[in-house]
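Asker: Sharing a structure here in structure tokens format.
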Amino acid sequence: MTTDTFLAVLRQLGDFAEIRGASHDATAWRRFAADLGHLGAAEVSRVTELARKNRLRELATLPPGLHSTVRDLVLNGPDAIIGSNWASMSWLLRRLLEFASVDSAGAAALARMGVVTLADLEAALHDGRLATHSPAEHESLRLAALTLAIERPRQPLGRAVDLADNLTLLLAAACPEIQSLAVAGDVRRFEPMVDSVVIVGAAPDPPATLERICAIPMIQCAVFQTGRRVLLRYQQAEVDVRIAAPDEYGSALHLATGSAAHVAAVRGRHAVTRLCPREEDVYAQTGLAWIAPELRHDTGEIEAAAARRLPELVTREQMRGDLHMHSSYSDGRDDLAVMVQAAAALGYEYIAITDHSARAGASRTLTLEALDRQRTEVARLRERFPSMAILHGVEVDIMPDGQLDFDDHVLASLDIVLASLHDDAGHDVARLTRRCLGAIHHPLVNVITHPANRLVGRHAGYDLDFAAVYAAAAETGTALEIDGAPSHLDMDGEHARAAIAAGVTVTIDSDCHKASLLDRQMRLGVGTARRGWVEPRHVLNTRPLAEVRAFLAAKRVRRR
Ligand SMILES: [Zn+2]
Ligand SMILES: [Zn+2]
């Protein structure tokens, strides 16, 4: 095995251990692998030598639990550890071996073109930068980029937002010369799973600023660096930081925001153009109105921008209330009073308290007795917070038999009822759709929360007969939710767009379980709604309280 392959394998194993939780000491393993990455050929020979002589314990940085794995790797190559307790790694290792054979040529060629992530490769394929390469080279490049993608596991939007926000603050404090600093990439488009976190700034002397960034103590090491861009490690994740000169900032931000298909389509409208200081100018020079990042998927937004018919997307500031949140009465972390106080501090005109019904799968749920106690506490809190209306509600489970988890007389005593299909009970799509439609036709159900019950990164969501669901929701005056919890972000993009096209009223809610996250999750919900072309007129909780109450009351009257 060559030195390069050895290092690549070690790094990959470290990443893999962390993704799969395969090693209980993934952090130590990663640190060791990272250290090795900085060693020259001589030091790597020493590791090899020590492994051969069974003296790896002399390497202080290598956790003892990994001695036998490294020894196997050195003595017998990656195949040797396939079939051990790392059996599921065989696929990854095969990719690695493929990668090793294209390693030097492929990776270097990619790096020269500025392709260091899979997203970069997609962009390069779209804009024709790879056109001069032969099909065989294409395949090599694709493999190389796939391996890059494996090295950088995708992460959920919630975690990526935190990472990007923290690093942005750090960069702004450390480099006051940066004039504009924005989170770009998947995060700016509110992709539920983020391939790479990208931050873009403008500074008069980009290489000098990048040097200063790399010297920040909390930033670990530069994985890759040019005069305009560095891939660095921060809080155990990789972040792509790009610094442009001020007169190119708009173009840099546009390119870094993607999606690749959108950027290619915008560029395709016009011959190679000058670099622009503002993103608006990038669009203007191709005859387009500025397009909101959440719409940039090449799914009709460019045509709409050319015709000056872009939607007036809903904004966070237009949200007057939050109709879905949990307290410690069920599985929320904070007491009801803490949740209410935090919501009032956000300036909401109204909120709904919606804990889980008794037989929901949540870690804690509401008994009928607790629901009564909660009712009393809500009454007290209404006196304490007179400027904000507190609706007493519930998130009631749609049970496997299609019934709701609370009796009608209980639901009728509440101000708002949300219904959820948390438990699929092993049912097929037709039966799940019937359960959902049953809840929509129930006269006491006001909102269906996270309709597909998607779990980001784990479960794509039920493939319901959505056309039927939307039609029934519109017909009965039942709202469908766009849920801002990073684990749901459901309805997303095309679903939300189809729902509003069918005449459905949507809600945008935080589904928050922790007071400190109320605002963040509402922002994620609004971003998700904007991906679906949602305007304020489509959203129930952009409306004044009286209109919300009228919407809720109308269904009960209509169905009586
Ligand atoms: Zn739920
Ligand atoms: Zn919930």
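The values are calculated or read from the model by the stated rules, or taken from the named source; none is laboratory data. This one's a predicted model, so the numbers in the text were calculated from it and none came from an experiment. Ideal geometry is used to build each Cβ from the backbone, glycine not excepted, and the neighbour counts take in all protein chains shown. Quick note on the areas: whole protein, heavy atoms, side chains included, nothing else; ligands and nucleic acids left out. Shrake-Rupley method; radii C 1.70, N 1.55, O 1.52, S 1.80 Å.
Asker: Please work out which one of (1) more than 16 Å from ligand 2 (Cβ to nearest atom); (2) closer than 18 Å to Asp511 by Cα; (3) not β-branched (Val, Ile, Thr) is the condition Ser413 fails and give its number.
Answerer: Looking at each condition in turn, Ser413 falls short on (2).
Asker: Pull up segment 215-234, narrow it to residues that are assigned to a loop (DSSP other than H, G, I, E, B) and buried (at least 16 other Cβ atoms within 10 Å of the Cβ), then point me to the one that is modelled with the highest pLDDT.
Answerer: Ile216
Asker: Take the residues in segment 397-417 that are in a helix (DSSP H, G or I) and farther than 22 Å from Leu540 by Cβ, then tell me which one is nearest to ligand 1 (Cβ to nearest atom).
Answerer: My answer is Val410.
Asker: So, in segment 362-410, of the ones that are exposed (fewer than 14 other Cβ atoms within 10 Å of the Cβ) and of a type in the set (Asp, Glu), which residue ends up farthest from ligand 2 (Cβ to nearest atom)?
Answerer: Looking at the filtered set, the residue picked out is Glu383.
Asker: Can I ask one more? Arg530: out of contact with any Leu (no Cβ under 8 Å at 6 or more places or on another chain), of a type outside the set (A, V, I, L, M) and either touching a residue at least 40 places away in the same chain (Cβ under 8 Å) or away from ligand 2 (no atom under 16 Å from the Cβ) (or both), yes or no?
Answerer: No, not satisfied.
Asker: Would you pick out the residues in segment 326-341 that are more than 15 Å from ligand 1 (Cβ to nearest atom) and touching a residue at least 60 places away in the same chain (Cβ under 8 Å)?
Answerer: Arg333, Asp334, Val338, Met339, Gln341, listed by residue number.
Asker: Within segment 162-205, can you find the residues that are outside any helix (DSSP H, G or I), more than 25 Å from Gly457 (Cα to Cα) and out of contact with any strand residue (DSSP E or B) (no Cβ under 6 Å at 6 or more places or on another chain)?
Answerer: Cys175, Pro176, Glu177, Pro204, Asp205
Asker: Next up: With the condition kept exactly as written, say whether any residue in segment 509-522 is closer than 24 Å to Asp355 by Cα, more than 16 Å from ligand 2 (Cβ to nearest atom), at pLDDT 95 or above and in contact with a strand residue (DSSP E or B) (Cβ under 7 Å, 6 or more places away or on another chain).
Answerer: For segment 509-522, residues closer than 24 Å to Asp355 by Cα, more than 16 Å from ligand 2 (Cβ to nearest atom), at pLDDT 95 or above and in contact with a strand residue (DSSP E or B) (Cβ under 7 Å, 6 or more places away or on another chain): absent.
Asker: Then there is this: Please find, within segment 442-476, the residue that is least open to solvent (accessible area, probe 1.4 Å) out of those that are free of Cβ contacts under 8 Å to residues at least 12 places away in the same chain and outside any loop (DSSP other than H, G, I, E, B).
Answerer: If we take residues in segment 442-476 being free of Cβ contacts under 8 Å to residues at least 12 places away in the same chain and outside any loop (DSSP other than H, G, I, E, B), then His459 is least open to solvent (accessible area, probe 1.4 Å).
Asker: Another question, if that's okay. Within the group Ala174, Ala203, which residue is touching a residue at least 12 places away in the same chain (Cβ under 8 Å) and crowded, with 18+ Cβ neighbours inside 10 Å?
Answerer: Testing whether each residue is touching a residue at least 12 places away in the same chain (Cβ under 8 Å) and crowded, with 18+ Cβ neighbours inside 10 Å leaves just Ala203.
Asker: Restricting the search to segment 472-484, which residues are out of contact with any helix residue (DSSP H, G or I) (no Cβ under 6 Å at 6 or more places or on another chain) and either of a type in the set (Lys, Arg) or away from ligand 1 (no atom under 16 Å from the Cβ) (or both)?
Answerer: Ala474, Glu475
Asker: Please go through (1) over 16 Å from His392 (Cα atoms); (2) free of Cβ contacts under 8 Å to residues at least 60 places away in the same chain; (3) surrounded by 18 or more Cβ atoms within 10 Å (Cβ to Cβ); (4) not charged (D, E, K, R) for Met319 and return the number of the only condition it doesn't satisfy.
Answerer: (2)
Asker: Sticking with this structure for a sec: What number goes with the only condition from (1) touching a residue at least 60 places away in the same chain (Cβ under 8 Å); (2) more than 23 Å from Ala550 (Cα to Cα); (3) open to solvent by 50 Å² or more (accessible area, probe 1.4 Å) that Asp415 does not pass?
Answerer: Only one criterion in (1) touching a residue at least 60 places away in the same chain (Cβ under 8 Å); (2) more than 23 Å from Ala550 (Cα to Cα); (3) open to solvent by 50 Å² or more (accessible area, probe 1.4 Å) is unmet by Asp415, namely (2).
Asker: Yes or no: segment 498-515 includes at least one residue that is away from ligand 1 (no atom under 16 Å from the Cβ), of a type outside the set (A, V, I, L, M) and more than 19 Å from the chain's Cα centre (by Cα).
Answerer: Yes, because at least one residue in segment 498-515 is away from ligand 1 (no atom under 16 Å from the Cβ), of a type outside the set (A, V, I, L, M) and more than 19 Å from the chain's Cα centre (by Cα).
Asker: Among the residues of segment 418-431, which ones are surrounded by fewer than 22 Cβ atoms within 10 Å (Cβ to Cβ) and within 16 Å of ligand 1 (Cβ to nearest atom)?
Answerer: If the condition is that a residue be surrounded by fewer than 22 Cβ atoms within 10 Å (Cβ to Cβ) and within 16 Å of ligand 1 (Cβ to nearest atom), then His422, Asp423, Asp424, Ala425 are the ones that fit.
Asker: Among the residues of segment 322-361, how many are open to solvent by less than 30 Å² (accessible area, probe 1.4 Å) and either within 16 Å of ligand 2 (Cβ to nearest atom) or hydroxyl-bearing (Ser, Thr, Tyr) (or both)?
Answerer: 21
Asker: Of (1) open to solvent by 20 Å² or more (accessible area, probe 1.4 Å); (2) more than 13 Å from ligand 1 (Cβ to nearest atom); (3) touching a Leu at 6+ places or on another chain (Cβ under 9 Å), Ser487 satisfies all except one. Which?
Answerer: So Ser487 meets the others, but not (2).
Asker: Further, regarding this structure: Restricting segment 486-508 to residues that are farther than 30 Å from Val557 by Cα and among the acidic types (Asp, Glu), which is farthest from ligand 2 (Cβ to nearest atom)?
Answerer: Per the criteria, the residue is Glu494.
Asker: Go through (1) among the acidic types (Asp, Glu); (2) closer than 29 Å to Val340 by Cβ; (3) within 17 Å of the chain's Cα centre (by Cα); (4) more than 16 Å from ligand 2 (Cβ to nearest atom) and name the single condition Asp483 misses.
Answerer: (4)
Asker: Now for a separate question. Just wondering, is there one or more residues in segment 441-459 that are among the basic types (Lys, Arg), within 12 Å of ligand 1 (Cβ to nearest atom) and touching a strand residue (DSSP E or B) at 6+ places or on another chain (Cβ under 9 Å)?
Answerer: Checking segment 441-459: at least one residue is among the basic types (Lys, Arg), within 12 Å of ligand 1 (Cβ to nearest atom) and touching a strand residue (DSSP E or B) at 6+ places or on another chain (Cβ under 9 Å).
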